[in-house]
Amino acid sequence: MKLQNTTMLVTGTTGNTGPYMTDQFVDSGANVIGSHITETARNAVENRAEHVDAVSYYQIDLTDQAAVETFTETVVNDHGLRHQP
C-alpha cells in the first residue's frame, strides 16, 4: 500500500506495536506524527527506529482532555493540517 502525500497519526509510538506501525507507514511513504508519554520511552524507540527523521514526535498524556486539545492545535499548526472541531 502506498501512502505518498498522507499524514498518519500513531498514538503510543513507544508502546508494543507503535514502533512497528510507524515503520510500516513510513516505508509506505507516509509522514508520521507520533505521540508518546515520556521522553525516556521516546529515546528508547528512537535508538532502535529505522526512520527517526521521518517521524515528528510529541509528548502527551492522552487521558488529559486539555492536553489532547492543545496537542491537536499544535499538530494542526505544525503540519499545516486542516482540523474542524
Quiz item: So what J values fall out for region 14-28 if you push phi through Karplus, 6.51 cos²θ - 1.76 cosθ + 1.60 with θ = phi - 60°, rounded to Hz, Gly and Pro as x?
Solution: 9, x, 6, 9, x, x, 6, 4, 4, 4, 5, 5, 5, 4, 8
Quiz item: Whose amide H sits under 5 Å from the amide H of Tyr57, counting only residues 5 or more places off or on another chain, with H placed in the peptide plane?
Solution: Gly34
Exercise. Divide by every residue of the chain the summed helix terms, -39500 (n - 2.57) for each DSSP H run of at least 4, and state the resulting mean residue ellipticity at 222 nm, rounded to the nearest 500 deg cm²/dmol.
Key: -12500 deg cm²/dmol
Exercise. Note down the relative contact order for region 7-79 as a percent, whole number, built from C-alpha pairs under 8 angstrom at least six residues apart.
Key: 28
Quiz prompt | Residues whose placed amide H lies under 5 Å from that of Met8, excluding near-sequence neighbours | solution = Asn31, Val32, Ile33
Exercise. Measure of size requested: the Rg and Dmax of the chain, with Cα atoms as the atom set and Å as the unit; please supply both.
Key: 12.6, 35
Quiz item: Once phi is turned into θ = phi - 60°, what whole-Hz ³J(HN,Hα) does the Karplus curve with 6.51, -1.76 and 1.60 give for every residue of region 53-67, x standing for Gly and Pro?
Solution: 6, 8, 10, 9, 9, 9, 8, 7, 9, 6, 8, 9, 4, 5, 5
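Each reported figure results from applying straightforward, stated rules to the coordinates on display, with no laboratory input. Quantities reported herein were computed from a predicted structural model and do not represent experimental measurements.
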